There are 2 protein chains.
Amino acid sequence: MKITDEYFSVKDSRFKTSFYNCLSGPKATTLIATKGKYGENVALFNSVIHIGANPPLIGLLSRPTTVTRHTFEHMIETKHWTVNHVPVSILRQAHQTSAKYEESEFVATGLTPLYKDGWQAPFVGESPLQYGCTYVNHYPIAENGTILIIGQIDTIYVAEQAINEYGEINFELLESTATVGLNNYYKVIHADRFPYAKP
Amino acid sequence: MKITDEYFSVKDSRFKTSFYNCLSGPKATTLIATKGKYGENVALFNSVIHIGANPPLIGLLSRPTTVTRHTFEHMIETKHWTVNHVPVSILRQAHQTSAKYEESEFVATGLTPLYKDGWQAPFVGESPLQYGCTYVNHYPIAENGTILIIGQIDTIYVAEQAINEYGEINFELLESTATVGLNNYYKVIHADRFPYAKP
């Protein structure tokens, strides 16, 4: 069916917001962890995108800073954060990090902050694919106050058996998840692999 | 294991590029369709991100314009494009659109260009979730020449039974897919739903 303004006119405003939040589809569920002036912080994001492989760069969209954003402020303050993919086994805890706690979300949810190799930001111990990032730049999005943050990928931890002969990572083997909108989580099941496409 | 430069030193350069392309994890497989000075065009993207729900905005990362990018040029020329989620049934055709064809990828792959409601860009007939976008802005990413394009979501087509009482879209029911890196595709299976998190 065609979704029109009339369709939304009989729904409440949260219905419409949820709908638009879902439209971009499934995206990797990740926990971003930082440590700075607000202490240890871990927050749920589903807006990590590949920016480039050489140099290895990752992008991340932060919500508008109209309220205090501990993750973003720590990124600017310390220049370091970690990205941690979320497996099915910690979905409930990962979702719960989005609640407004006074204490660290690590303490509140029972997720494990792990310090490795002198990296300032903690990794999430329960995550099967973790990497550290160093701040490179950020781009304010004028249209709605969101911010695209660019980081360089520095230190990566993943089980070697999840990497195939081509350098590709198997996210089904990692029991990794994808998020749709603000409330729904999906498992990913490998469907197909195609080589570089030629006419 | 920790992935270091030494790990890559015994691999070929494509291995390292593939690995970094996978790190951001699964992201919705989408076909972006346009019609402009190069004719009808349809191209595979896995970099669609939610920018905001009010107004409804979507972002899309385009590769550097060091070679001709028909999709990006059409977006700037015509201000219109469509986003079409890719179900399992057309994965092979969707992947094949990334080959360098002289003719339209619609003709080359057998995907169906569908014109609806006077929209200038075609929709992909085989897609279970399609929406039209109007150009709003674009942000050149200085670090590597990629471009973040922002579009407003205007016209949406999706089966009503895929939308639940909260306005959330069921991507398993749509048989929708996610892409990892350049070569691998995953089905998505609904795992869990959690309400708004409170401490």
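Nothing in this text is a laboratory measurement; each read-out follows from the coordinates by a stated rule. Worth saying up front: this structure is predicted, and the values here are computed from it rather than measured. Every residue, glycine among them, receives a Cβ derived from its backbone with ideal geometry; neighbour counts consider all protein chains shown.
When a/c reaches 1.5 or more, the comparison of a/b and b/c decides; with that in mind, is the stretch A:14-125 rounded, prolate or oblate per its Cα gyration tensor? Show your work: numbers first, answer last.
On the way: a/c = 1.41, a/b = 1.18, b/c = 1.19.
In terms of gyration-tensor shape, rounded.
Run the simple label-point estimate for A:Ser9 and B:Glu77 please: 7 Å along Cα→C-beta, distance reported in nm.
The answer from the label model is 3.8 nm.
For each pair in A:Lys27/B:Lys11; A:Lys198/B:Lys116; A:Lys2/B:Lys35; A:Lys116/A:Lys187, compute the distance between the two Cα atoms and list the pairs where it is over 25 Å. Intermediate values should be presented prior to the final figure.
Working: A:Lys27/B:Lys11 29 Å; A:Lys198/B:Lys116 31 Å; A:Lys2/B:Lys35 21 Å; A:Lys116/A:Lys187 28 Å.
A:Lys27/B:Lys11; A:Lys198/B:Lys116; A:Lys116/A:Lys187, as the Cα separations exceed 25 Å there.
State, to one decimal in nm, how far the label point of B:Thr134 lies from the label point of B:Thr65, with both points 7 Å from Cα in the Cβ direction.
Between B:Thr134 and B:Thr65, the label points sit 2.2 nm apart.
Considering the options B:His190, A:Trp81, B:Met1, tell which one lies farthest towards the positive end of the dipole of the protein assembly as shown, charges being +1 on Lys and Arg and -1 on Asp and Glu at the Cβ, about the Cα centre.
A:Trp81
At q = 0.06 Å⁻¹, what log₁₀ I(q)/I(0) does the protein assembly as shown have when each alpha carbon counts as one equal point scatterer in the Debye sum?
Cα-only, vacuum Debye calculation for the protein assembly as shown: -0.21.
Can you return the aspartates and glutamates within cross-link range of B:Lys79? Criterion is Cα-Cα under 13 Å, with same-chain partners fewer than 8 residues away left out.
Excluding near neighbours in sequence, the set is B:Asp154.
Rounded, prolate or oblate: which fits the stretch B:68-156, taking a ≥ b ≥ c as square roots of the Cα gyration tensor eigenvalues, rounded meaning a/c under 1.5, else prolate when a/b beats b/c? List each step's numbers first, then the result.
Working: a/c = 1.76, a/b = 1.25, b/c = 1.40.
The shape class here is oblate.
For the stretch A:123-197 and the stretch B:98-118, what is the separation of their Cα centres, given in Å?
Taking the Cα centre of each part, the stretch A:123-197 and the stretch B:98-118 sit 30 Å apart.
How crowded by other chains is A:132-140, given as the mean number of beta carbons from other chains within 10 Å of each beta carbon? Let's see the in-between values first.
On the way: counts 0, 0, 0, 0, 3, 3, 0, 5, 1.
That average works out to 1.
Under a crude label model (7 Å from the Cα following the beta-carbon direction), how far is A:Ala99 from A:Lys2 in nanometres?
4.5 nm
Between B:Tyr38 and the same site in the other copies, what are the distances in nm, shortest first, taking label points 7 Å from Cα along the C-beta direction?
Its label point is 4.2 nm from the equivalent points in the other copies.
To one decimal in nm, how far is A:Pro195 from the same spot in the other copies, if labels go 7 Å from Cα toward Cβ? Please give the shortest first.
5.3
Counting only residues 5 or more places away or on other chains, whose amide H sits under 5 Å from the amide H of A:Thr155 once H atoms are built in the peptide plane?
Amide H neighbours of A:Thr155: A:Gly132.
Is the shape of the stretch A:108-175 rounded, prolate or oblate, going by the alpha carbon gyration tensor and its root eigenvalues a ≥ b ≥ c, with a/c under 1.5 for rounded and a/b larger than b/c for prolate? Before the final figure, lay out each step's value.
Numbers: a/c = 1.88, a/b = 1.43, b/c = 1.31.
Because a/c hits 1.5 or more and a/b exceeds b/c, the stretch A:108-175 counts as prolate.
Rounded to a whole number of µm²/s, how large is the Stokes-Einstein D of chain A at 4 °C and 1.567 mPa s, given Rh as the Kirkwood radius over C-alpha pairs?
Working: Rh = 18.2 Å.
For the chosen part, D equals 71 µm²/s.
Around B:Thr177, which amide H atoms from residues at least 5 apart in sequence, or from another chain, sit under 5 Å from its own amide H, with H modelled in the peptide plane?
Counting only residues 5 or more places away or on other chains, the set is B:Thr29, B:Val86.
Treating the point 7 Å from Cα along Cα-beta-carbon as the label, what are the nm separations from B:Thr66 to the other copies, to one decimal?
Spacings between copies for this position, smallest first, are 4.0 nm.
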